[in-house]
Amino acid sequence: NFGLHFASVSFHSATCCVRASRAAMAATRLRMMLRPGVAPCRGVGAGWRLAAEVAAPNFAAARFAASAASSGPLIENMRNFGISAHIDSGKTTLTERVLFYTGRIKEIHEVRGKDGVGAKMDSMELEREKGITIASAATYCSWKSMGVDHHMNLIDTPGHVDFTIEVERSLRVLDGAVMICCGVGGVQSQTVTVDRQMKRYEVPRIVFINKMDRYGADPFHVLGQIKQKLGLNVKPIQLPIGEEDNFAGVCDVITRKAHYYEGDNGMTKRVDEVPAALVERVDTLRAELFETLADLDDEFAEIFLENEDVPVDAVHAAIRRTTLARTFCPMLMGSAYKNKGVQDLLDAVCRYLPSPLDRTNKAMNADDETEEIILESDVTKPFVGYAFKIQDHPTAGQVTYMRIYQGMLTKGSAITNMMTDKRVSAKRMVRMHSNEVKDVASAGAGDIIALAGVECDSGVTFTDGKHRVTCSSMFVPEAVMSLSVSAGREDQARLQKALRRFQREDPTFRVDVKQETNETIISGMGELHLEIYCERMKREYKVETLVTGEPKVNYRETVTQKATFEYLHKRQTGGRGQYGKVMGFFEPIPEEQQTGNADGIEFVSRLTGNEIPPNYVPAIEKGFRTATTKGLLTGNPLIHMRCVLEDGQAHEVDSSSEAFQAAAQGAFDNFYNEAGPVVLEPLMSVAVSFPSEFQAAALQTMNGREGSIQNTSAVSGDTTLVEAIVPLRRMFGYSSELRSVTQGQGEFSMEFSRYESMPSAKQDEHIAEYRKKLYENRK
């Protein structure tokens, strides 16, 4: 009765503090009571509330603790991970098996399946038609490992380089990852990109060698490629039983047991003794694994030296510590398509990949971005969440995917968009299962959920409004290709709506309207990227009169030498005039200093006296930056140039921000040509694979497109891989040519490598074409 009476008393300030303190203590005691091995880790019913009431000193605290517990699974048993790899390595096929074995789906369907259903995670019609993943898809499931239920938030990501932003934003918020390598193809171009992204966000990973049933599969050849090309410290913790068509299962190197996957869809995992022919090989791999772990982990080294028979638990613990420290990656193997090895991979995710508690997440003080703030995975702390992806849902409207880094979010809570400082209400919270939604009442730190009906852009931080922090943004690569789009008058509104939506969804999708021609130009990561968006405009937004122009390469300009400038902008009309003088120089930014420049232009003020009042410097910078958005050779933006302001002069009456902005633009227009400007073109890293019998013809296609062959290697017995650097302007239509010379068996992928000066003859052509357009526009 005292507890009930106490809960009904009004909150005086002192009493609030006492009760909050008691509630926090109760919640802590509750978490201790519910640790693995003490009480069940799943369910949010009466059992949780009973435990809370026993632990809490009063009824109010009991309710608080129960609500904390009911927000979801224990955070230490939570795994947020993604599956990433090169295109066609089996990511979506593996995800389908994960969902089946965890009970999230009742039947297995294949990518581009004959039954017309398609894989669960490929919910978009275009994905099922083309057999590729276009947008990252999130789901959730649970898996019992080591006697404990683990809650998993899983994101399946695209493998095509044109949709690399989907991988980028997923790895930005995930705690761990599974990197898949094809047992035949090994380390391919997008594998290298994914590795770079995982390193950028310091994501611990597990390596899974897929397609072990295919002809030519060789996991140890792939292991050598991973070490050589990616520089990772990888050791296999499994050994295949049988090869290619005879692949039957794996030997666990740690436990010295054989695992076979039998029954319908490999549902039954049978553990047996290692086949006699493989015992020696297993022992050799085991010894190598232990030596590697002993070198990396002092705690395991001590156990290894003191014990002749190292405990299995100590090995797992050492692998987990070194994986979290990113000094080691365990390698597993199997065949997702043949339903072999997936259960072991799920166990490895639970054993070795981090929970949200194992990761250090940082934010910046919104009022002082130089100050870093550590975010704690604690439901009692102020709420901080990061909206990493938005998409349109047919029934839920705009769905905003959010990673909760700190605190707790409940349905109906008011949260603040740190980009706009606007308060919004979380009226509907859901968990996403591909394109299906399930309503939830609350979610706590470490979890990934979605908000339905909240209007915002991707990459926005949300807080409780009192805690003023912002999460660091993700890396967004430059667009390399452009396309003009137009539509009839009746479709104009739908076209503009689609363009606005796509810009908010995808940071690599850019829209620009050319003032001279009034053309709408869309830019993206490649032909396929823009083709998919044009198709979506027609299907999702009913823009039936959509017309597209020829794809165009996004060229750039830069300077090659230092050039000094001295320019006076002086204009006298009736009344107050305009006066501003600027002096300084332009120079190219050295290659080693080019990283970290968001727009490729650097402005430096070296003013010493007070000839130019400090309040005019921002206007001068704005003038230079505006001028460099359109180079004088071809009208393309400049990159890798530094503008240094050294001196100048102001007038007491006639100087203004507008005058100095005009002076900066005038200095650029008059002295740019003295800095040795050149046109830059994007070069692409191209990887082409084909049957070895077509090698001569395939190499000729590369040479004919001005390609510089970097490497030629045999991937497997009858497949050759060629790596080359090719100008993007020469890659249009390459897919058709490659299929033609390889009888439809060749495939290629490409990604942006760098910008480099165009050949002088091609540069002159572009300059002449641009001047001709300017002349025609003046008529």
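The values are calculated or read from the model by the stated rules, or taken from the named source; none is laboratory data. Please read these numbers as outputs of a predicted model, since none were measured by experiment. Cβ: placed from backbone, ideal geometry, glycine included. Neighbour counts: every protein chain shown. These area figures cover heavy atoms from the full protein model, side chains too; ligands, DNA and RNA do not enter into them. Shrake-Rupley method; radii C 1.70, N 1.55, O 1.52, S 1.80 Å.
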Subject >> Sites matching GluC sites (Glu not before Pro) across the stretch 290-349 that sit in DSSP coil, with at most 13 neighbouring C-beta atoms within 10 Å >> reply: GLU308
Original post:
With respect to the cross-link table entries LYS338/LYS389; LYS362/LYS630; LYS91/LYS227; LYS229/LYS389; LYS91/LYS269, which display a Cα-Cα separation exceeding 29 Å?
Top reply: LYS338/LYS389; LYS362/LYS630; LYS229/LYS389
Original post:
Using alpha carbon centroids, what distance separates the stretch 332-367 and the stretch 734-779, in Å?
Top reply: 41 Å
**OP:** Report, largest value first, the span of the C-alpha coordinates of the stretch 690-740 along each principal axis, in whole Å.
**Re:** 33, 23, 13
**OP:** Would you please report the Å³ per residue occupied by the convex hull of the alpha carbon atoms in the stretch 286-407?
**Re:** 194 Å³
Original post:
In nm, to one decimal, how far is the modelled label at PHE220 from the one at PHE732, with both set 7 Å along Cα→Cβ?
Top reply: 4.9 nm
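So what is the 222 nm mean residue ellipticity for the chain from helices alone, if each DSSP H run of at least 4 adds -39500 (n - 2.57) and you divide by all residues, rounding to the nearest 500 deg cm²/dmol?
Helix contribution divided over all residues of the chain: -9500 deg cm²/dmol.
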Original post:
For SER377, SER89, SER486, what's the largest-to-smallest order of accessible area, 1.4 Å probe?
Top reply: SER486, SER377, SER89
Original post:
For a label point 7 angstrom out from the Cα of LYS427 toward its Cβ, which stretches of the stretch 388-403 have the backbone nitrogen within less than 14 Å?
Top reply: 396-399
**OP:** Work the Kirkwood hydrodynamic radius out for the stretch 158-232: mean of 1/r over every pair of different alpha-carbon atoms, inverted, in Å.
**Re:** 12.8 Å
Original post:
Using only Cα atoms, what is the ratio of the radius of gyration of the stretch 582-720 to 2.2 N^0.38 Å?
Top reply: 1.63
Original post:
Among 132-140, 368-376, how do they line up from the highest to the lowest mean number of other beta-carbon atoms within 10 Å?
Top reply: 132-140, 368-376
Original post:
When ranked by the protection proxy of mean other Cβ atoms within 10 Å per residue, highest first, what sequence do the peptides 200-212, 721-733 form?
Top reply: 200-212, 721-733
Original post:
Rounded to the nearest 5, what is the percent of antiparallel bridges among the DSSP beta bridges in the chain?
Top reply: 80 percent
Subject >> With 10 Å bins from 0: P(r) over the stretch 431-556, alpha-carbon pairs, percent >> reply: 10, 33, 29, 19, 8, 0
Original post:
So for the pair ARG256, SER142, with labels modelled 7 Å out along Cα→Cβ, what separation do we get in nm?
Top reply: 3.7 nm
Original post:
Which loop trypsin sites (Lys or Arg not before Pro) in the stretch 228-292, with loop taken from DSSP, have no more than 16 other Cβ atoms within 10 angstrom of their Cβ?
Top reply: ARG256
Subject >> Proximal charge balance of ALA714 [Cβ under 14 Å; K/R count +1, D/E count -1] >> reply: -4
Original post:
Just the Cα atoms of the stretch 189-253, one point each, no solvent: what log10 I(q)/I(0) does Debye give at q = 0.15 Å⁻¹?
Top reply: -0.54
Original post:
In the stretch 576-641, which GluC sites (Glu not before Pro) fall in coil by DSSP and have 16 or fewer other Cβ atoms within 10 Å?
Top reply: GLU611
Subject >> Under the Karplus curve 6.51 cos²θ - 1.76 cosθ + 1.60, θ = phi - 60°, whole-Hz ³J(HN,Hα) for the stretch 343-350, x wherever Gly or Pro sits >> reply: 4, 5, 5, 4, 4, 5, 4, 5
**OP:** Using only alpha carbon pairs under 8 Å that are at least six residues apart, calculate the relative contact order of the stretch 277-429 and give it in whole percent.
**Re:** 11 percent
Original post:
Of all accessible surface on the chain at a 1.4 Å probe, what whole percent is carbon and sulfur?
Top reply: 48 percent
**OP:** Express the Stokes-Einstein translational diffusion coefficient of the chain in µm² s⁻¹, to the nearest whole number, given a Kirkwood radius over alpha-carbon pairs, 37 °C and a viscosity of 0.692 mPa s.
**Re:** 111 µm²/s
**OP:** For SER413, list long-range residues whose amide hydrogen, built 1.01 Å from N in the peptide plane, is under 5 Å from its own amide hydrogen.
**Re:** ALA426
Subject >> Relative contact order %, the stretch 533-646, counting alpha carbon pairs below 8 Å whose residues are six or more apart >> reply: 33 percent
Subject >> Between helix 59-70 and the chain: long-axis angle, C-alpha atoms, 0 to 90°, nearest 10 >> reply: 70 degrees
Original post:
Where a Cα-Cα gap under 12 Å defines reach, which aspartates and glutamates qualify for LYS411, not counting those fewer than 8 residues away within the same chain?
Top reply: ASP439
Original post:
How big is the shadow of the Cα convex hull of the stretch 332-402, averaged over all directions, in nm²?
Top reply: 8.9 nm²
**OP:** Report, to two decimal places, the Cα Rg of the stretch 732-779 normalised by 2.2 N^0.38 Å (N = number of residues).
**Re:** 1.85
**OP:** Could you give the spread of the C-alpha atoms of the stretch 222-300 along their three principal axes, from largest to smallest, in whole angstroms?
**Re:** 41, 28, 24
Subject >> Length gained when the stretch GLN743-ASN610 is fully extended (0.36 nm per residue, less Cα-Cα span) >> reply: 40.7 nm
**OP:** Set the Förster distance to 25 Å, then compute FRET efficiency between GLU280 and ASP309 from the Cβ-Cβ distance, nearest 0.05.
**Re:** 0.90
Subject >> Radius of gyration and maximum dimension Dmax of the stretch 490-551, Cα, Å >> reply: 11.1, 31
Subject >> Additional length obtainable on full extension of the chain from THR626 to ASP298, 0.36 nm per residue less Cα span >> reply: 112.5 nm
